[in-house]
Structures are given as structure tokens and as C-alpha cells.
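The values are calculated or read from the model by the stated rules, or taken from the named source; none is laboratory data. Remember, predicted model here, so these are calculated numbers, not experimental data. We place every Cβ from the backbone using ideal geometry, glycine too, and count neighbours over all the protein chains shown.
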């Protein structure tokens, strides 16, 4: 069950619980980060979510920072999420891939929980990597997923000290993460419905586009340059190949009314809960993303390759 | 696509469609004021369809004076009395103030240029009601443009060159305008005053004369006119000019218009072939307007004469439609006070 939570209040609570020296290692990603970016200043606008994804970076500091943060949160009476499988910490004998992810509720509340992740080694864009995180309270899995590294690109520092990922970069990571609409579904229900992971993540791209356009009608036209810069920084060896994959899944989503409806459903029950575009308007957001960002990226790549780069 | 008009179609007069393109027959009904006319024309296209063995029969109802609901009623009744295999070949298209819609719910976007072309030509031939010919208004618009810009007399040869009309056609049009003309000894002519009567007739026919097509924004966040202009510029086309409020402001910066309620452009298409697919490249939110009361965000007009009379503005780095087109745009947008002010200011400025 997802709750309406205030991005500002959650960021404040997390920042206060984590030692200031570690703020630099924390980047909030996902719907809460997007929610804070778009309506963090409006206390009346809330985000429909339950998980707050915290990215620990850079990679070489992630384990040590993770250990310190998790120990501190347990000391501060944050509680492990025990209502799911793998609700207890592992130990030295637990295989890496069977260790639980760190998911902690803040003291006295079950409205939301914080989940820790880390960035992949450079150039990894294919698979999940399990990293053992040994804490005083047991062993956990500090997973990394493909393209999470991008979230470190020019993150936006909040007034609470910790940073949030740039919305357009989260959109890029989601686009790269879904080259097609896969059959995998989310483990839990979203507002009572079983939803394909691709539809949820690609729907997030459209939600970010929708909110970005409400702020700046030229927003999407600015994304390609930012995306290329981020890809060149974190994927210097294969960024050109990656640009070719951007948007394939989104094209499929827009062509399939069932998948599009599912994506729309997740957004109007999530990031766009306070905004509520119609399905037609949501589809137009998708067509705008294709035209103003993805086609631009592809046509620029073709020009560059054509010149012999 | 080759279009044959009534005079070129074989058969008995009462069973001739107004136009034929491919294996489709077109019949035009202009400004019907009662259901009986609709009913009668529906039966006509059914007969035309059967006797002419057309695969499709299209009835274009132009600027109806009855409600959409009454037309729907007639169409629904017709479906019950006409054999299904015939009725399924029939299409009812409604053109009202630049908006095109169909009762069948099918997508007609790609056919609109063809419909507009047929409507314009059939109307100019006088079917349904008497009116000045399209050629007359073409010549009139050129003369008016010269008059507004104080360009002085224009040679008849030059009028032929700009309009693409033959010598007899130009002479015939000038004869109709005789009262408003100064004829110079060297076969040159110019307007001596603003011909209000003809202007009002042109304004009344403006959307047909210029094949106006209206687009509305279907997104939650319509793009600003400036954004649309930037997108059009990025297409690098020299056959498009800005008109409407933007054009009027270009000619008369003092004009009292706050904001740009809608963006008007004119496309120069001497061969009468316009591919509207570029609209999707401007903004996918722009979609063909289907209802007369929908807000017009973006409006396209066409001119088919050989000379565009566009003015390229270095500062804007884009073309501006001639002042007559801009003035007509203001009228079509129902900005009547601004149109009058534009006209008055224009004569003072130039």
C-alpha cells in the first residue's frame, strides 16, 4: 500500500538521521527525488510512494559509507522492514545473492521506508551486481543496477545537505534500462494492480517529461545535450552505442494501448497524483519525448558517425 | 491526384457529382438551412454512388446553418433506409469555419487537402450559390496588397505573372473592379480606394479561398506561439510565412494586441500539393480541430499563386505573409477591432 508523503519532510528526516560527513555520499533517486524537484516547495503537493531510494556513491566509498549510515540508522531506532521475504539480516555464511537489501522504516512510522543501493562499476550496463555490506547489525546486499551510475551526474544539492538526482537523468536511466517492454512485473501491487516493471519505469519518464514541460516548454529540447554529456562521462567507451538504444522501449510503449494505459495508471497514482493528465495528454507527452529528445539524439549520432567519428 | 469537375464528368446532369477523384465521387452542399436539404443530398450521393459505380461517395457540407445534432439525425435515419453496402461507401464531411470533421469518426487528416481543394474549386464554379470566382479574389488580393503597401500602379502583365492567371481572366476581374480602379495609359492599374464591398465578400469566403485548416492543442500544456515559431524555423522551409497577429505586428508594431491568441501561418503552394505531416514535427500535441468551438492554436492558410509576396525579415530570420493575408487572418480569428485598427494604421505607416 502506497501513502502520500511529503518529499520535503522525508528528505529532512533522512538528512537529520545521517551524519553530515556522509551527506556527500547520498543521492536520492526515484519518485521522491522527482517529487522534491518538481514540487518540493509546495507543502500541499505530495508523492504517492512507499520506498525512498538512496544511492550511495562514489563506488569506492559506497561500502564504508553504507556501513556507517546503516549502523547510525539502527542506533536511531530505524526498523528493518520485516513484512516481506528476507526480513532479517544475513550473516557471514549467507550467499551474496541471498542477502536482504537494506530497507528501513523511520522510527514510529510505517508510511515509507528507505532503501539503499549503490552504483555499478563503470561500463556495466547489463546486470544487477550484489555487494556484501557488513554492518554491526548483520550482513546486507548493497545492490547496483545498470545505469544507476548516471544518477551521480550533476546531482542537485538540497537545502538539507543530501542531493537528489536530476530528473532528466533519471529519465535517461529508465529509457536505457528498458530497450523493450518486458514481461516482468513489480513484486508488489501498485494501487491494487499488478504492473509490468517496464511500464512503471517508462511511465516515470513520461511523468518527468510532463512535469518538466509544465515548468519550461523548451525543457525536452535541452535534454539531449545533458544526456550526451552524462553518457560520455560515465560510459566513455560505449556511450555512442548506448545512444542507439535510447527510446526503443518507449516507442513500444506508445504503440501498445494496454501498456500505455498501465504506465498512465502508475503515474496518476504516483508522481502525477496531484496533476492527473488524461491518457491522451500522457500519450502526447510521450510523442513529445520521442520527437524532441530521442530523435534529436539519434539524428545527431547519425551525423557524427557520417563524418567518420 | 487528378480531379475532374462536374463539367468534365460524363452522364446525366442530375446524377453528376460535383467532382471525381480516383474512384471517389464528391458532392458539395453549401450553407444548408434545414434538414430537408441534407436529406436530399444524402439521397443524391447514394444514387450517384450506385449509378456511377463509385467505390466511395463523399458529401461535403460546407458551413452548415443547422446543428451537428440535426445532421447526425439525418445521417442515422439514412443508414436505416439505404442498403448497407451502399451506405458503407458514403461519407459525410462537415466543413465549418476552417474545421473539418466527419460523422463516421474515421481519420480524415490525410484527405483534408483534397477536400479543401475540391471545395474551393467547386465553390468558385458557383455550385450551390452565386459568388465571385476564386480568380477574381486572387487578382483583388494582389491589387489590395499593392495598394496597402503604396506600391503604385501595376502592369497587367505583372498581375498575370504574380497571379498565374490568363490575360482574359485578369481583364475580366479588373472589369468587375472597374469602379475602384485607376487605369493608367500604359496598361497599368491601381486601386483608388479600399473596396469595402468586395473586401467583405472576401472576408466571408476567406477560409475557403485560402483553404484554412485549424489545429488545436490536445496537451495539458500548450506550447507558446514563440515555441511553435522556433520549431517551424527549425524545419528550414522557405514556403512558410508567419501571418496573423505576428504578421500584423510586424507591419504595424503599434497595433494594440496583447499576446498571440493563435498562430497563423501561410503556406505557398503553387502546385497545390501540401503535405501536412510536418505539423507532427512541430508539436505532436497539435491535432486537427474537429469542432467549431475548439480553441484554435495553430492555423494554416494556403496560397497557390506563383508569387508568394512573402516578405523576408532579417531580424526574425523568417518570412512574413503579405499584409492582405495578415488582415484576413485577423478577421478569421474574429479580431475585428484589431483588423480595423491594422487597416487604419497600415495606411498611416506605409
For region A:273-290, which residues satisfy the criterion of being within 10 Å of chain B (Cβ to nearest Cβ) and not in a helix (DSSP H, G or I)?
A:275, A:276, A:277, A:278
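Residue-wise test of (1) out of contact with any helix residue (DSSP H, G or I) (no Cβ under 8 Å at 6 or more places or on another chain); (2) more than 24 Å from residue B:3 (Cβ to Cβ); (3) buried (at least 20 other Cβ atoms within 10 Å of the Cβ); (4) at pLDDT 85 or above.
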position	(1), (2), (3), (4)
B:258	yes, yes, no, no
B:265	no, yes, yes, yes
B:268	yes, no, yes, yes
B:271	yes, no, no, no
B:290	yes, yes, no, no
Considering region B:159-216 alone, what residues qualify as being touching a residue at least 60 places away in the same chain (Cβ under 8 Å) and part of a helix (DSSP H, G or I)?
B:161, B:162, B:163, B:198, B:201, B:202, B:203, B:205, B:206, B:207, B:208, B:209
All but one of (1) in the same structural domain as residue B:149 (by TED's automatic domain parsing); (2) within 17 Å of residue B:303 (Cβ to Cβ) hold for residue B:174; which doesn't?
(2)
Residue by residue through region B:305-335, note down the ones that are under 19 Å from residue B:208 (Cα atoms) and out of contact with any helix residue (DSSP H, G or I) (no Cβ under 8 Å at 6 or more places or on another chain).
B:308, B:334
Those residues of region B:98-108 which are within 25 Å of residue B:79 (Cα to Cα) and surrounded by 14 or more Cβ atoms within 10 Å (Cβ to Cβ) amount to B:99, B:100, B:101, B:102, B:103, B:108
Taking residue B:65 as the residue in question, decide whether it is closer than 17 Å to residue B:30 by Cα and assigned to a loop (DSSP other than H, G, I, E, B).
yes
Complete set of residues in region B:16-40 that are closer than 21 Å to residue B:205 by Cβ and surrounded by 17 or more Cβ atoms within 10 Å (Cβ to Cβ):
B:18, B:19, B:26, B:27, B:28, B:29, B:30, B:32, B:37
Subset of region B:274-297 (residues that are over 20 Å from residue B:94 (Cβ atoms) and more than 14 Å from chain A (Cβ to nearest Cβ)):
B:274, B:275
I'd like to check something: does region A:208-227 contain any residue that is in contact (Cβ under 8 Å) with a residue 40 or more places away in the chain, more than 23 Å from residue B:227 (Cβ to Cβ) and either surrounded by 14 or more Cβ atoms within 10 Å (Cβ to Cβ) or outside the structural domain of residue A:48 (by TED's automatic domain parsing) (or both)?
no
Quick test of your reading of the structure: residue B:251 fulfils all but one of (1) in contact with a helix residue (DSSP H, G or I) (Cβ under 6 Å, 6 or more places away or on another chain); (2) at pLDDT 95 or above; (3) closer than 24 Å to residue B:159 by Cα. Name the failing condition by number.
(2)
From the list A:243, A:293, exactly one residue is within 13 Å of another protein chain (Cβ to nearest Cβ), closer than 24 Å to residue A:153 by Cβ and under 21 Å from the mean Cα position of the chain (by Cα). Which is it?
A:293
If you take the residues in region A:248-259 that are in contact (Cβ under 8 Å) with a residue 24 or more places away in the chain and more than 14 Å from every other protein chain (Cβ to nearest Cβ), which one is farthest from residue A:121 (Cα to Cα)?
A:256
Among the numbered criteria (1) buried (at least 21 other Cβ atoms within 10 Å of the Cβ); (2) within 14 Å of chain B (Cβ to nearest Cβ); (3) under 30 Å from residue B:230 (Cα atoms), which one does residue A:267 miss?
(3)
Yes or no: region A:210-224 includes at least one residue that is more than 14 Å from chain B (Cβ to nearest Cβ), farther than 30 Å from residue A:112 by Cβ, more than 18 Å from the chain's Cα centre (by Cα) and in a helix (DSSP H, G or I).
no
Only one of (1) within 14 Å of chain B (Cβ to nearest Cβ); (2) modelled with pLDDT under 95 does not apply to residue A:309, and that is (1)
Can you tell me which of (1) touching a strand residue (DSSP E or B) at 6+ places or on another chain (Cβ under 7 Å); (2) within 13 Å of chain A (Cβ to nearest Cβ) is the one residue B:212 doesn't meet?
(2)
Some residue of region B:88-108 being touching a residue at least 12 places away in the same chain (Cβ under 8 Å), more than 26 Å from residue B:300 (Cα to Cα), in a helix (DSSP H, G or I) and assigned by TED's automatic domain parsing to the domain that holds residue B:120:
no
Any residue at all in region B:294-301 that's at pLDDT below 85, surrounded by fewer than 18 Cβ atoms within 10 Å (Cβ to Cβ), assigned to a loop (DSSP other than H, G, I, E, B) and outside the structural domain of residue B:102 (by TED's automatic domain parsing)?
yes
Of all residues being more than 7 Å from chain A (Cβ to nearest Cβ) and buried (at least 20 other Cβ atoms within 10 Å of the Cβ) in region B:217-230, which is nearest to residue B:281 (Cα to Cα)? Just the residue, please.
B:228
Taking the conditions exactly as written (within 14 Å of chain A (Cβ to nearest Cβ) and either in a loop (DSSP other than H, G, I, E, B) or within 22 Å of the chain's Cα centre (by Cα) (or both)), does residue B:237 satisfy them or not?
no
When only residues in region A:65-75 that are over 14 Å from residue A:20 (Cβ atoms) and free of Cβ contacts under 8 Å to residues at least 60 places away in the same chain count, which is surrounded by the most Cβ atoms within 10 Å (Cβ to Cβ)?
A:73
